[in-house]
Amino acid sequence: MPTLTLTQDGSILTISDLPHTDSIRFHAIWLRDNAWDDTTRAPGNGQRLIALRDIPTDTHISHAELVHDIVRLTFTPENKTLDYSIGWLIDNAYDRSATPTKGWTAPQVETWDSGLMDAVPLADFNDVQTNPAALRDWLALVARYGFGKLVNGPTDTGSLFKVVDLFGYVRDTNYGRHFEVRTEVNPTNLAFTGLGLQAHTDNPYRDPVPSVQVLYCLESSAAGGENMVVDGFRAAERLREENEEYFDVLSQHCARFEYAGDDTTCLRSRRPMIELAPDGEMIGIRFNNRSAAAITDVPFDKMATYYAAYRRLGEIIDDPAMEVTFRLNPGESFVVDNTRVLHARKGYSGAGTRWLQGCYADKDGLYSKLASLSATHQEAAE
Ligand code: FE2
């Protein structure tokens, strides 16, 4: 049976004797702000009806009691009694002592290298279109690994939009609603067809960057031309393990990216190649040799180290032990988290044509779809 204890001044509540966790503490102001009664939150949509200014500065708890699995608290000076589900409090506890590792990743993220080659996240196009549980499972794979492939789709032009429709909305850019990737492979001039692009994230010169890219194959008769992906998070982890100073210099200083390919476009961004949240969570990778601009935000004394780190990160990205390759046949497509996973196309080894269509979207919609499907189809999963 959990027990509740208040500090003398009523500013902190401690819940002890919990079955699976140590005692956890909550501040009175946090509890009051997170009340779920119908004067604090709108019953229909759960949106908060009050602002922090509506809660007195000297808010404290004058009484606490446990009623079954409900924590009942009386707040003064409002003299307001509010109920909290103990399960909700445990789920939302913030009282932890461990300092997270710099460059930590969210629990649902699993970083990978070429070992994932035998288990490329995959689903059937028709399945994910017609079965919400299959869509949920595939989106969960995309969230976990940062990319996912779909097979057995149609080969009509514009089919890529049906992929985006599964989870979100197309992001229009100056390249249009979508872009064409057409390659005619001429056997007499193969040297110019196998242009090996270094694995990269797309459009790092945008802010915000398009967080999802979809590539859809409509025709493919040329041998070779496989798609290749590299987990940028794993590459950054490897850099950190090898040389923490390199990881630090790339995450603590901004790079600059620019694209001014026509008279009406001049896109610029100033962001680090390895982006961390203030608490050290790894949240983004930007890596693209073609659009890197002059780096001017690194102190003089650190520039040599910065370049050594940039070079080493590139070497890790180029290491075949990091890459997963797969072929896209007509009707097949893949979705990639452009804030994490780098992509490239391998060279061709024979004549033929290849036609892909690509577009951008955003992963907030993808995560929203995943979360809502997970809530709705929980029972099916169990
Ligand atoms: Fe690209």
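What follows is calculated from the coordinates using simple rules that are stated; it is not laboratory data. Not measured: the values here are computed from a predicted model. When we count neighbours, we look across all protein chains shown, and the Cβ atoms used for this are built from the backbone with ideal geometry, even at glycine.
Taking amide H atoms as placed 1.01 Å from N in the peptide plane, the amide H of VAL181 lies under 5 Å from those of LEU356, GLN357, GLY358, each 5 or more residues away in sequence or on another chain.
Other residues lying with their Cβ under 11 Å from the Cβ of ALA292 contribute a combined charge of +2, Lys and Arg counting +1, Asp and Glu -1. Where does helix 363-376 land angle-wise versus the long Cα axis of the chain, in degrees 0 to 90, nearest 10? Approximately 50 degrees, to the nearest ten. Evaluated with a Cβ-only charge set (Lys, Arg +1; Asp, Glu -1), the chain carries a dipole of roughly 920 debye about its Cα centre, given to the nearest 20. Ordered by the number of other Cβ atoms lying within 10 Å of each residue's own Cβ, fewest first, MET1, MET117, MET322 fall into the sequence MET1, MET117, MET322. A simple packing score, the average count of other Cβ atoms within 10 Å per residue, orders the peptides 279-289, 257-267 as 279-289, 257-267, with the highest score first. Between PHE300 and ASP83, full extension at 0.36 nm per residue minus the direct alpha carbon distance yields a gain of 72.5 nm. The simple Förster model, with R0 at 51 Å and r as the Cβ-Cβ distance, assigns ARG25 and ALA308 a FRET efficiency of 0.70. Using the charge dipole of region 13-137 (Lys, Arg: +1 at Cβ; Asp, Glu: -1 at Cβ; taken about the Cα centre), state which of ALA93, HIS60, SER23 has its Cα farthest towards the positive end. Highest projection toward the positive end goes to HIS60.
Within the shell defined by Cβ-Cβ distances under 12 Å, the residues around ARG144 carry a net charge of -3, with Lys and Arg each +1 and Asp and Glu each -1.
For region 16-102, the share of alpha carbon pairs falling in successive 5 Å distance bins from zero is 3, 12, 22, 24, 19, 10, 7, 3, 0 percent.
With a Förster radius of 35 Å applied to the C-beta separation of ARG48 and ASP318, the computed FRET efficiency comes to 0.15.
Between GLU65 and GLU244, the FRET efficiency estimated from the beta carbon spacing at R0 = 51 angstrom works out to 0.55. Summarising the label geometry, the points placed 7 Å from Cα in the beta-carbon direction at ASN131 and THR155 lie 2.5 nm from one another. Where Lys and Arg each count +1 and Asp and Glu each count -1, what net charge lies around PHE257 among other residues with Cβ under 13 Å from its Cβ? Net charge in that neighbourhood comes out at +2.
Per-residue Karplus couplings for region 248-258, computed as 6.51 cos²θ - 1.76 cosθ + 1.60 with θ equal to phi - 60°, are listed in order as 5, 5, 6, 8, 9, 10, 7, 8, 10, 10, 8 Hz, Gly and Pro entered as x. Ranked by how many other Cβ atoms sit within 10 Å of their own Cβ, fewest first, the residues HIS200, HIS68 fall in the order HIS68, HIS200.
The value for the chain of Rg(Cα) / (2.2 N^0.38 Å) is 1.20.
Across region 211-259, the volume of the C-alpha convex hull divided among the residues equals 142 Å³ per residue.
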